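J.: Please see the structure below; I have some questions.
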Amino acid sequence: MKSNNNWMRNGFVYALIIVALMALLYNIFSPQERFQEREINRVAEAIKDGQVRRIVVSGSRLEVTTTRNDKWVSRIEPEADLVNTLQAFGVAPDELLRVEIIYKAPSQWGALFSVLGSFLPLLIFGGLLFLMLRQAQGSNNQALSFGKSRARMFTGDKPTVTFDDVAGVDEAKEELQEVVEFLREPEKFVSLGARIPKGVLMVGPPGTGKTLMARAVAGEAGVPFFSISGSEFVEMFVGVGASRVRDLFEQAKRNSPCIVFIDEIDAVGRHRGAGLGGSHDEREQTLNQILVEMDGFDTDTNVIVIAATNRPDILDPALLRPGRFDRRVVLDRPDMRGRRAILDVHTRGKPLAPDVDLDVIARGTPGFTGADIENLVNEAAILAARRGKRTIGMQEFTEAIERVLMGPERRSRLMTEEERVLTAYHEAGHAVVMYHMPLCDPVHKITIIPRGQAGGYTMFLPEDDRTLYSSSRFLDQMAGMLGGRAAEEIVFGDVSTGASDDLERVTNLARAMVTRYGMSEKLGPLTFGDREELVFLGREIAEQRNYSEKVAREIDAEVKRLVTLAHERALDTLKRHRRQLEAVAQRLLEVETIEREEFEELMRHVEMTELSLDE
């Protein structure tokens with residue numbers, strides 16, 4: 001309907017311009033433009049002198065032709081008689097007999113075009129100006145519409161996303177289900193004195209489905225859904241952000257009940273007074289307008305604001321208080337059951353091979369978010385299509401996990417035989433030490449094929465999702481990380497740069513044990529150092545020491561002790577199980593990749609051989 005109105009409006013303007021141009025052409029090419037204008041009294045004098053040969057009367061307009069064939073134009077009073085008018089100016093009847101008088105009906109189009117010609121410049125200028133404004137508005141010209149909201153509206157009559165499309169966040173769905181019921185049946189809650197929530201703040205790491213959850217709420221409730229990013233409010237023009245906020249909420253109120261979704265609200269919701277521009281920062285003006293719209297004087301509307309962020313710690317306290325964001329819904333990384341449910345959603349409708357076990361895939365993807373799992377399934381489908389298969393097999397899923405974690409294989413990378421041997425013993429050292437550390441995660445795969453930035457890698461995956469770690473587990477993990485360097489020392493009597501990443505990870509973990517987790521017996525259950533961060537930048541920039549130089553030396557000594565202890569444990573383990581180290585390294589040189597089952601079978605076989613030799 002709206003497009004029809006626009007077409008009719010533009011058609012009317014085009015027609016007006018065409019008529020004006022026709023009037024212009026008529027006035028240009030009409031013979032009347034060559035006539036000389038004469039007053040009626042001068043025409044009467046010319047008749048007396050015998051200079052007039054013919055007069056054509058068209059309404060009140062006179063076209064006079066002289067005896068010299070000159071053309072004059074004159075006018076008389078409307079509805080006046082020509083003969084009587086001329087006689088009033090002293091023309092005798094016999095003088096009129098020498099003049100040929102012709103009466104002609106006046107042309108309506110000529111009169112109209114004559115009138116239009118007077119207003120022609122104004123008509124053309126107005127029409128062109130109107131078209132320019134319409135064209136600028138239609139092309140979203142920022143110079144003319146920068147104060148308008150950039151929110152995209154999705155109607156609720158045809159939902160594209162529902163709660164069935166969201167998995168792995170059951171608690172968040174329960175929280176938001178009440179919002180859906182509020183929008184569907186507000187009377188049930190109002191009758192008990194409950195008020196509709198003003199806002200819901202969804203917090204979680206990137207890729208956990210915050211935007212998807214907001215669209216699912218709108219789809220379930222069947223109401224309009226406005227979507228905008230926090231960064232779209234801010235422009236180089238002062239006051240534009242606040243103007244866009246006002247326009248957004250005006251649109252929302254006209255379509256209430258509805259949902260307004262602001263993605264990445266931390267772009268405009270940071271602590272006030274912390275910006276580089278002082279108290280008159282443009283972001284602060286935008287935030288002030290958001291605060292007023294959400295809980296100001298005019299708040300009797302059925303507009304629910306859903307915002308998403310992964311940095312709730314930097315948001316302004318006034319934005320987080322009840323009355324603005326009444327609820328905080330946490331969307332964390334899914335556990336194994338959640339990953340299994342997400343896999344069901346993303347593999348729906350895809351041809352899977354009989355050997356695909358989604359439980360094994362869910363167990364082998366700890367820490368993956370919903371976006372990571374979607375990318376994993378897509379990568380597996382691409383690999384299957386590249387290989388000409390009609391179904392997606394377990395091999396494609398396993399390789400897709402490695403591609404997501406480590407990057408694509410680099411089989412074209414040329415490695416010398418010396419580098420292959422060194423890499424084989426390095427990765428075998430990791431695997432053997434982890435195998436004998438009781439609290440290390442089990443080894444899933446060992447390979448010396450370069451992938452991403454790594455020349456080879458040892459993949460270890462936890463059996464269960466874990467959120468709490470003990471100091472004993474940290475010490476075992478540190479020993480496993482240093483197994484590669486220890487193997488190089490034992491076999492080659494020298495070390496390489498291949499352990500640089502391992503050393504960095506071990507050092508950071510040991511320092512965190514001492515300064516953050518209080519896992520040092522010497523320094524006790526204390527934390528050391530305050531991490532500083534700029535609210536405007538939203539990231540950590542430094543650590544402020546709240547301890548003396550003596551304590552700093554003790555921290556360094558304790559970190560060194562922990563790393564040295566892990567290194568000695570790795571060396572001792574590999575010296576005691578040298579045969580296993582040799583067996584795994586030689587097998588890697590033969591086949592380049594060892595899976596978990598083969599690795600564990602190889603380790604048990606060597607153990608049995610060692611026992612038989614000892615007996």
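J.: Determine, for each peptide in 261-267, 602-608, 323-329, the mean count of other beta carbons within 10 angstrom over its residues, then list the peptides with the highest first.
T.: 261-267, 323-329, 602-608
J.: Something else now. Counting only protein heavy atoms and a 1.4 Å probe, tell me what percentage of region 195-236's accessible area is made up of carbon and sulfur. Please list the in-between numbers first.
T.: Details: 740 of 1230 Å².
Carbon and sulfur: 60 percent of the exposed surface of region 195-236.
J.: Probe 1.4 Å, all protein chains in place: accessible area of R403 in Å², nearest 10?
T.: Ignoring ligands and nucleic acids, R403 comes out at about 60 Å².
J.: For the ranges 517-523, 74-80, 462-468, what's the packing order if you count other beta-carbon atoms within 10 Å of each residue, average per peptide, and put the highest first? Could the numbers behind the result be given before it?
T.: Values: 517-523: 15.1, 74-80: 12.6, 462-468: 10.1.
Peptide ranking by packing, descending: 517-523, 74-80, 462-468.
J.: Using mean Cβ contacts within 10 Å as the protection proxy, how do 362-368, 89-95 order, highest first? Write down the numbers at each step before the final one.
T.: Numbers: 362-368: 19.9, 89-95: 13.0.
Descending packing order for the listed peptides: 362-368, 89-95.
The values are calculated or read from the model by the stated rules, or taken from the named source; none is laboratory data. All values reported here derive from a predicted model rather than from experimental measurement. Here the Cβ is made from the backbone with ideal geometry for all residues, glycine too, and neighbour counts use every protein chain on show. Surface accessibility is based on the protein's heavy atoms, side chains included, excluding ligands, DNA and RNA. Shrake-Rupley method; radii C 1.70, N 1.55, O 1.52, S 1.80 Å.
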